[in-house]
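Right, one structure below, let's go through it.
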Amino acid sequence: MKTAIVILNWNGEKLLEQFLPSIVMYSAQEADIYVADNASTDNSINYIKEYFPAVQIIQNTENGGYAKGYNDALQEIDAEILCLINSDVEVTQNWISPVIDVFEKDAETAIIQPKILDYKNKSHFEYAGAGGGFIDLYGYPYCRGRVFNALEEDRGQFDDISEIFWASGACFFIRSSVFKKLDGFDEDYFAHQEEIDLCWRVQNEGYTIKYVGTSAVYHVGGATLQESNPRKTFLNFRNSLLNVVKNVPKEWFLFVVFSRLILDGIAGFKFLIELRPIHTWAILKAHLSFYKNFYRFLKKRKKLQKKSTYNLHTSIVWQYFALGRRKFSQLR
């Protein structure tokens, strides 16, 4: 299957210097490699042209974030399978073949995520994706190998091929036909959790999403926006709420929305106690933006609710903070 690897870049010359060599070394025989540049002002483009002339460059006219950046760039790529990969990911030998094998064997699989390990601590899973993503009752995302900030050691417990609810945007394989059918990412998200929204919509169309643990990559995480950045807090809280409005089935809608607003308020209070008021303010701004966009997202919701694929897991907040369950295998 014709495959294209697409690295989204914004002022990431140092990251390209560090991670592009592994992608070229272990991927060039199996896929075309592109860098989609979000109007960088550093030396990124010149660096690629000088040291990796075989890597194709797509230059976007503006920095539209992850969502618009990929939507714009992917219009110019002809491939059956698209691999969207962050510029801070190190790939490994034979990381593509196991994924393509699953696509070839199962026509209903639309999206695949490999095992994502921590580049800074390679024996452990990485926050953004780990062993495949899920959604709890209130719309909070979590992963096999990562529940909130508790990261598990990789002991081979997720070396399987398994159906999951969402795949991480850090390394995200998708059929080009499905991406185009669903008009790609929702650009109102800008960045963070737009891949969860797309995965939710993909499942509403009857496709499946899988994790392939026989393929592994290492992700730095936070290279563009670090966890301590209040902008990241804002985007995560706002976009998670927008996911709820857009995708939760109607029988659970009001309960989940009101519950989330209360739980987010508790999270904001927790930040205050921890003397991190800037993050409390980020949550408040996220809620104000949520109210501003509420009716517009209700209209989007009407277009998407074909069938319910919502998994009614118990509350991850309750299991993690009240019951002290830190591992995926402990969740009930």
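We did not get these values from a lab; they are worked out from the coordinates using the rules stated. Keep in mind that this is a model prediction, so the values were computed, not measured. Cβ coordinates were reconstructed from backbone atoms using ideal geometry, including for glycine residues, and neighbour counts include every protein chain displayed.
For residue 87, the residues 5 or more places off, or on other chains, whose built amide H falls under 5 Å of its own are 8. The phi torsions of segment 117-122, fed into the Karplus equation with coefficients 6.51, -1.76 and 1.60 and a -60° offset, translate into couplings of 9, 7, 4, 7, 8, 5 Hz, rounded to whole numbers, with Gly and Pro shown as x.
I'd like to verify something in the chain: which complete DSSP H helices, judged by Cα projection on the helix axis, reach 30 Å or more and average at least 0.0 on the Kyte-Doolittle scale? Going by DSSP H runs, the hits are 250-273. Amide H to amide H, with H built 1.01 Å from N, residue 58 comes under 5 Å of 35, 36, 37, counting only residues 5 or more places away or on other chains. Sequence-distant contacts, meaning Cα pairs under 8 Å at least 6 residues apart, place the relative contact order of segment 99-203 at 25 percent. Peptide packing: for 205-211, 125-131, the average count of neighbouring Cβ atoms within 10 Å per residue gives the ranking 125-131, 205-211, highest mean first. For segment 75-82, backbone phi angles converted through the Karplus equation (6.51, -1.76, 1.60; θ = phi - 60°) give residue-by-residue couplings of 5, 9, 10, 9, 7, 7, 10, 10 Hz, Gly and Pro being listed as x. For segment 10-100, the Kirkwood estimate of the hydrodynamic radius, built from every pair of different alpha carbons, is 13.6 Å.
Can you give the local net charge around residue 111? Use residues other than it whose beta-carbon is closer than 10 angstrom to its beta-carbon, Lys and Arg +1, Asp and Glu -1.
On the way: positive: 175, 210; negative: 195.
Neighbourhood net charge equals +1.
Placing dummy labels 7 Å off each Cα toward the beta-carbon, the span from residue 263 to residue 162 is 2.0 nm. Checking the cross-link pairs 105/300; 2/300; 68/181; 49/180; 181/300; 270/327 against a 27 Å limit on the alpha carbon distance flags 105/300; 2/300; 49/180 as lying beyond it.
Where Rh is the Kirkwood radius over the Cα pairs of segment 230-330, the temperature 25 °C and the viscosity 0.890 mPa s, what D in µm²/s does Stokes-Einstein return?
The Stokes-Einstein estimate is 165 µm²/s.
With θ taken as phi - 60° and the Karplus curve 6.51 cos²θ - 1.76 cosθ + 1.60 applied, the whole-hertz 3J(HN,Hα) list for segment 138-150 is 9, x, 7, x, 8, 9, 5, x, 7, 10, 6, 9, 8 Hz, x standing for glycine and proline.
What Kirkwood radius, in Å to one decimal, follows from the Cα pairs of the chain? Display every interim value, and only then the final one.
Details: mean 1/r = 0.0495 Å⁻¹.
About 20.2 Å, per the Kirkwood formula over Cα pairs.
Given contacts defined as C-alpha pairs under 8 Å and at least six residues apart, what's the relative contact order of the chain, whole-number percent? Before the final figure, lay out the partial values.
Values: 624 pairs, mean separation 62.0, N = 332.
Once normalised by length, the contact order is 19 percent.
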